[in-house]
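Shown next, in structure tokens, is the structure this report addresses.
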Amino acid sequence: MPFSLLIAIYLALVGLIVGSYLNVVIHRLPLGISTVTPRSRCPGCGEVVRARDNIPVLSYILLRGRCRHCKAEISPRYPLIETLTALLFVACYWQFGLSVELLAGVLFCAAMVALAAIDAEHFLLPDKITLPGIAVGLLLSPWLEWSGWRSALIGALLGGGMLLALAAGWYWLRGEEGMGLGDVKMLAMLGAFLGWKGMLVALFFASVAGSVVGLAVIASGRGGMKSKLPFGTFLALGAVVALFVGPRITRYYLSLL
Ligand SMILES: [Zn+2]
């Protein structure tokens, strides 16, 4: 089926709404508050955010980034997350058309946006996202062109296993935790969704991006070898790259063999 502008616009709107919910997830999940109730309040004055002030992106622009009541600044993270989610949803439709891959793609992208933002702020990758993520990835895998159930199962076990071994090795060598179990579960989720090849592509890009940023932090003198980086944020970035160009990259390398 050819690319339909109407469906693309529909997916952008769905992306904005999902992005708006992800903002709630990102804010509340690390605090252990329900993401469904109660309604959102302004952290400045405690006033409940009304429906007309809760329209993704649009309300932020109309209110010029401030609370209607107390004029406290609203974090630009809110419209950014909404816009990013909408763009990723449209990109999934562009890439996969109307298919099971599209469903897997949007679910995966939404989870990656939430995990990236939560890890960047809290150094935390909640089980409430990664564990169901592993299950959903495995369940959808038989219908996914880029993986299949075998590749997904190997990906989940290999991804989780590799990081678990790395974390255990680090602990054994240094007597300290170098990596959280959150990263282990997240890489298992990447394997479940992307298959083992896609998982390796994601891990490669995450490591490169993490090293570049890590070296930049050290070079800028704002941190040393010991400063912590949210590896899950880089994993999410690598995962999105792997989702969209992973099969092309692995095809290219396999053709070289
Ligand atoms: Zn307020």
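Of note:
- For the stretch 65-78, the criterion of being within 16 Å of the ligand (Cβ to nearest atom), within 19 Å of C109 (Cα to Cα), in contact (Cβ under 8 Å) with a residue 40 or more places away in the chain and surrounded by 15 or more Cβ atoms within 10 Å (Cβ to Cβ) is satisfied by at least one residue.
- Top-ranked residue in the stretch 41-63 [being of a type outside the set (A, V, I, L, M, F, W, C) and closer than 21 Å to L84 by Cα; ranked as farthest from the chain's Cα centre (by Cα)]: D53
- Residue match in the stretch 173-191 (condition: more than 13 Å from the chain's Cα centre (by Cα), without any contact (Cβ under 8 Å) to a residue 40 or more places away in the chain, under 29 Å from Y78 (Cβ atoms) and surrounded by 15 or more Cβ atoms within 10 Å (Cβ to Cβ)): no
- Scanning the stretch 24-62 for residues that are more than 16 Å from the ligand (Cβ to nearest atom), assigned to a helix (DSSP H, G or I) and surrounded by 12 or more Cβ atoms within 10 Å (Cβ to Cβ) turns up V24, V25, I26, R28, L29, P30, L58.
- Pair list, Cβ < 6 Å and 6+ apart or interchain, from the stretch 146-171 residues that are more than 26 Å from E101 (Cα to Cα) to residues that are not basic (K, R): L163/D183; L163/V184; L163/L187; L164/V184; A167/M179; W170/G178
Read-outs throughout are calculated quantities, based only on the coordinates presented, and are distinct from any laboratory measurement. Small disclaimer: the values here were computed from a predicted structure and weren't measured. No Cβ is skipped: glycine too gets one built from the backbone with ideal geometry, and neighbour counts run over all protein chains shown.
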